[in-house]
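A.B. asks: Handing you this structure, nothing more for now.
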Amino acid sequence: QAFIDFSDVWLAYNDELLAQGQYAVEAIDLKVDRGGFIAIVGPSGCGKSTFMKLATGLKKPTKGSIRIDGQPVTGPLKISGMAFQAPSLLPWRTTVDNVLLPLEIVEPYRSSFKAKRAEYEERARKLLQKVGLGGYEDKFPWELSGGMQQRASICRALIHEPKMLLLDEPFGALDAFTREELWCILRDLWAEQGVNVILVTHDLRESVFLADKVYVMSKRPGRFVLEREINLPRP
Ligand code: ADP
Ligand code: ADP
């Protein structure tokens with residue numbers, strides 16, 4: 001059974017667009033195995049963000065069905081972690097408190113957050129160490145470089161052990177050195193956590209380095225074209 005399963009998925013953003021037959025994505029058929037790392041590349045406006053919104057349940061399809069891990073998609077955050085081009089850490093929170101945020105919001109962590117705070121904080125600190133942020137746990141976002149903030153935002157996306165990690169241009173704003181360092185960190189985290197990753201990127205080299213499958217989304221909305229299937233040895 002596929003982990004991510006889109007069957008003939010169409011989305012029109014509103015009734016007017018629907019009446020005109022204007023779909024943001026059309027006829028998406030996509031099956032991804034458990035533990036996979038896929039990259040989606042394509043020009044602006046081809047529907048990548050829309051695909052992400054559908055995968056997280058932020059948008060319901062106009063037609064078709066979406067199942068993640070065998071279940072219809074219920075809503076954002078429950079099973080997914082997200083990181084975007086802007087790290088968007090809360091400026092009034094320290095690094096570790098930013099990373100803890102999903103545990104304050106998402107069940108089953110939310111209800112036990114007060115009681116288990118020390119344990120959760122330990123987990124957050126371990127994860128921060130792993131991405132090279134040891135020593136920065138109690139700093140505020142403005143005391144961190146852009147690359148450090150992005151590391152923290154990836155930790156935040158993973159802290160609640162999501163089944164799926166959605167990354168939308170996460171390294172787009174970083175210099176080449178920092179970017180490649182974060183590629184390696186991300187691959188390690190992926191291998192360790194067994195999380196399904198969907199990466200949206202404009203960087204073909206990044207997609208080939210990171211993903212085990214790369215999909216090109218064409219200008220004709222929603223037509224996923226399997227560009228290449230890269231079989232990397234699973235670490
Ligand atoms: P990408 O992320 O690849 O740039 P999008 O998913 O944002 O593409 O957009 C796909 C199509 O849907 C585009 O034609 C875009 O104009 C349209 N679209 C995106 N968001 C909305 C919206 N909120 N309302 C109406 N149309 C939208
Ligand atoms: P807590 O740690 O108790 O959950 P927050 O981290 O949400 O609280 O907020 C910490 C402090 O920042 C609070 O004093 C709160 O009033 C303030 N604050 C909350 N939202 C904003 C905001 N959008 N901009 C600036 N300060 C905020």
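A.B. asks: Quick one: D29 ticks every box in (1) of a type outside the set (S, T, N, Q); (2) surrounded by fewer than 16 Cβ atoms within 10 Å (Cβ to Cβ); (3) within 11 Å of ligand 1 (Cβ to nearest atom) except a single one, so which number is it?
C.D. replies: (3)
A.B. asks: Another question about this same structure. Could you tell me whether P61 is more than 16 Å from ligand 2 (Cβ to nearest atom), in contact (Cβ under 8 Å) with a residue 40 or more places away in the chain and buried (at least 18 other Cβ atoms within 10 Å of the Cβ)?
C.D. replies: yes
A.B. asks: Would you tally the residues in the range 187-208 being part of a loop (DSSP other than H, G, I, E, B), open to solvent by 10 Å² or more (accessible area, probe 1.4 Å) and under 22 Å from A173 (Cβ atoms)?
C.D. replies: Adding up the residues that qualify gives 2.
A.B. asks: Would you confirm whether any residue within the range 139-156 is closer than 22 Å to V41 by Cα, open to solvent by less than 30 Å² (accessible area, probe 1.4 Å) and among the hydrophobic types (A, V, I, L, M, F, W, C)?
C.D. replies: yes
A.B. asks: Taking strands (runs of 3 or more DSSP E) that fall entirely within the range 1-98, which contain at least 2 residues that are under 23 Å from Q150 (Cα atoms)?
C.D. replies: Values: elements: 4-11, 25-32, 37-41, 63-68, 80-84.
Where strands (runs of 3 or more DSSP E) fall fully within the range 1-98 and carry at least 2 residues being under 23 Å from Q150 (Cα atoms), they are 37-41, 80-84.
A.B. asks: Regarding L89, is this residue aliphatic (A, V, I, L, M), within 16 Å of ligand 2 (Cβ to nearest atom) and either open to solvent by 10 Å² or more (accessible area, probe 1.4 Å) or more than 25 Å from V216 (Cβ to Cβ) (or both)?
C.D. replies: In short, yes.
A.B. asks: Another question about this same structure. State whether one or more residues within the range 39-52 are near ligand 1 (Cβ under 7 Å from one of its atoms) and charged (D, E, K, R).
C.D. replies: yes
A.B. asks: Please indicate, with yes or no, whether at least one residue in the range 118-134 is away from ligand 1 (no atom under 16 Å from the Cβ), farther than 26 Å from E180 by Cα, surrounded by 14 or more Cβ atoms within 10 Å (Cβ to Cβ) and at pLDDT below 95.
C.D. replies: Pass one, the range 118-134, residues away from ligand 1 (no atom under 16 Å from the Cβ): 118-134.
This time we only want the ones that are farther than 26 Å from E180 by Cα, so: 118-122.
Checking which are surrounded by 14 or more Cβ atoms within 10 Å (Cβ to Cβ) leaves us with 120-121.
Within this subset, residues satisfying the condition of being at pLDDT below 95 are none.
No, the range 118-134 contains no residue that is away from ligand 1 (no atom under 16 Å from the Cβ), farther than 26 Å from E180 by Cα, surrounded by 14 or more Cβ atoms within 10 Å (Cβ to Cβ) and at pLDDT below 95.
A.B. asks: Further question on the same structure: Within the range 105-146, which residues are of a type in the set (K, R), over 23 Å from the mean Cα position of the chain (by Cα) and assigned to a helix (DSSP H, G or I)?
C.D. replies: Matches in the range 105-146: K114, K116, R117.
A.B. asks: Next up: Within the range 100-115, which residues are more than 13 Å from ligand 2 (Cβ to nearest atom) and aliphatic (A, V, I, L, M)?
C.D. replies: Answer for the range 100-115, where residues must be more than 13 Å from ligand 2 (Cβ to nearest atom) and aliphatic (A, V, I, L, M): V106, A115.
A.B. asks: Scan the range 209-235 residue by residue and report those that are hydrophobic (A, V, I, L, M, F, W, C) and not in a strand (DSSP E or B).
C.D. replies: F209, L210, A211, I230, L232
A.B. asks: Within the range 34-48, which residues are open to solvent by 30 Å² or more (accessible area, probe 1.4 Å) and modelled with pLDDT of 90 or more?
C.D. replies: As a first pass, look at the range 34-48 and keep what is open to solvent by 30 Å² or more (accessible area, probe 1.4 Å): 34, 43-45.
Listed by number, the list holds a single entry, R34.
A.B. asks: Looking at T94 and the list (1) within 17 Å of the chain's Cα centre (by Cα); (2) modelled with pLDDT of 95 or more, which single condition is not satisfied?
C.D. replies: (1) is the only condition that T94 fails.
A.B. asks: May I pose another question? State yes or no: is S111 surrounded by fewer than 21 Cβ atoms within 10 Å (Cβ to Cβ) and closer than 20 Å to A86 by Cβ?
C.D. replies: Spelling it out, it is not the case that S111 is surrounded by fewer than 21 Cβ atoms within 10 Å (Cβ to Cβ) and closer than 20 Å to A86 by Cβ.
The values are calculated or read from the model by the stated rules, or taken from the named source; none is laboratory data. Not measured: the values here are computed from a predicted model. Ideal geometry is used to build each Cβ from the backbone, glycine not excepted, and the neighbour counts take in all protein chains shown. Heavy atoms of the whole protein, side chains included, go into the accessibility calculation; ligands, DNA and RNA do not. Shrake-Rupley method; radii C 1.70, N 1.55, O 1.52, S 1.80 Å.
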